[in-house]
Amino acid sequence: MTGIIIKALSGFYYVESDGKTYECKARGSFRKSGFSPLVGDKVEFELNDEKHGVINTVLDRKNMLIRPNVANIDKLFIVSSFTTPAPNAFIIDKITAIAVYNNIEPIIVFNKCDMGDFENWVKIYKNAGFRTYVVSAETGEGIDCLRAELKDCVSTFTGNSGVGKSSILNRLFGENVIATGEVSQTLGRGRHTTRHIEAYKLLSGGFVVDTPGFSSLEYDETDYAFKEQLPQLFTDFSDYIYNCRFTGCSHTKESGCAVIDAVKNGEIEETRHRSYLQLYEELKNLKPWETVKRKKR
């Protein structure tokens, strides 16, 4: 039988197949090899009885994220709220780059539109070429548009704790399936009410993976390929990066850089380029031979 892992908890894997869920253990060979199945993995398994089984094979993955530790994600919804906490351009832009690097489509979501106007933020990300939605988990505004995006794919939501990811999911599912918590007024962060990673199946088809609260996805600081591909990961730069005066342009300060000229001309959003510069500074000292050394530590 084949299915998808929708929950991993205390050494058990819950596999959904043809509308039924089976509690499974992984073959001992997984433990010996150090390979762990993940939520989102497509697997082959065999049944011991009507409710229990054993996972024999994890099928090839489309992608894998370390934090959250999930596999085969098609779409990543990056959620910000109007306040507590307010949107952070660098966090959003870093996550979009990580998503593109991992062959995941990033989609921007601004929640709590009942509290204020997101017009300037929407302009930035629509101009950058991202599908962008304004919603309210409180009133239900915009939720139907998100539901249509989720159909027939595996998706997950990310963003600062407190932006309303769990509230959006409860709106999407039409019931209180995800625990929610209040936002700490001192820290501007929500209490981490989601304790494990779990994929929920939509009636319209597709799965939504809910993950423990975290501020943002992170890249592997030893991944030289991420550094080398950084300009391409800012997809709104793509029409300009090959028109620079010099081969190997860093797109940071060079005279004749088509990206910088596009920023000056308003063709690329200034906030997007600032985020690129910040990521570039974080990565610029990483050398290809250091990758191996760091990974051995």
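One table, with the values for the structure above:
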item	result
Per-region count, region 15-35, residues closer than 23 Å to Ile104 by Cβ and either free of Cβ contacts under 8 Å to residues at least 12 places away in the same chain or surrounded by 15 or more Cβ atoms within 10 Å (Cβ to Cβ) (or both)	2
Members of region 36-53 found to be open to solvent by 20 Å² or more (accessible area, probe 1.4 Å) and either part of a loop (DSSP other than H, G, I, E, B) or modelled with pLDDT under 95 (or both), listed by number	Ser36, Asn48, Asp49, Glu50, Lys51
Lone qualifier among Lys227, Lys253 - being farther than 21 Å from Tyr125 by Cβ, open to solvent by 30 Å² or more (accessible area, probe 1.4 Å), assigned to a loop (DSSP other than H, G, I, E, B) and of a type in the set (D, E, K, R)	Lys253
Hey, Thr139 more than 24 Å from Asp117 (Cβ to Cβ), assigned to a loop (DSSP other than H, G, I, E, B) and either at pLDDT 90 or above or open to solvent by 20 Å² or more (accessible area, probe 1.4 Å) (or both) or not	no
The one condition in (1) of a type outside the set (D, E, K, R); (2) under 15 Å from Thr132 (Cβ atoms); (3) out of contact with any Phe, Trp or Tyr (no Cβ under 9 Å at 6 or more places or on another chain); (4) part of a loop (DSSP other than H, G, I, E, B) that Ala99 fails to fulfil	(4)
Candidate set: region 26-35, residues that are at pLDDT 85 or above and not polar (S, T, N, Q); chosen: the one nearest to Glu198 (Cα to Cα)	Ala26
For Val79: the one exception among (1) in contact with a Lys or Arg (Cβ under 6 Å, 6 or more places away or on another chain); (2) free of Cβ contacts under 8 Å to residues at least 60 places away in the same chain; (3) over 22 Å from Asp223 (Cβ atoms)	(2)
Yes/no for Asp93 being in a helix (DSSP H, G or I) and within 20 Å of Ile143 (Cα to Cα)	no
Scope region 116-136; condition assigned to a helix (DSSP H, G or I), in contact with a strand residue (DSSP E or B) (Cβ under 8 Å, 6 or more places away or on another chain) and open to solvent by 80 Å² or more (accessible area, probe 1.4 Å); matching residues	Lys126
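A quick yes/no check of all residues on (1) assigned to a helix (DSSP H, G or I); (2) modelled with pLDDT of 50 or more; (3) under 18 Å from Val79 (Cα atoms):
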position	(1), (2), (3)
Phe157	no, yes, yes
Gly162	no, yes, yes
Ile168	yes, yes, yes
Glu175	no, yes, no
Thr193	no, no, yes
Pro212	no, yes, yes
Leu217	no, yes, yes
Asp220	no, yes, no
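The values are calculated or read from the model by the stated rules, or taken from the named source; none is laboratory data. Because the structure is a prediction, the values reported are computed rather than measured. Because the Cβ atoms are built from the backbone with ideal geometry, glycine has one as well, and the counts that use them run over all protein chains shown. All accessible areas refer to the heavy atoms of the entire protein, side chains included, with ligands and DNA or RNA removed. Shrake-Rupley method; radii C 1.70, N 1.55, O 1.52, S 1.80 Å.
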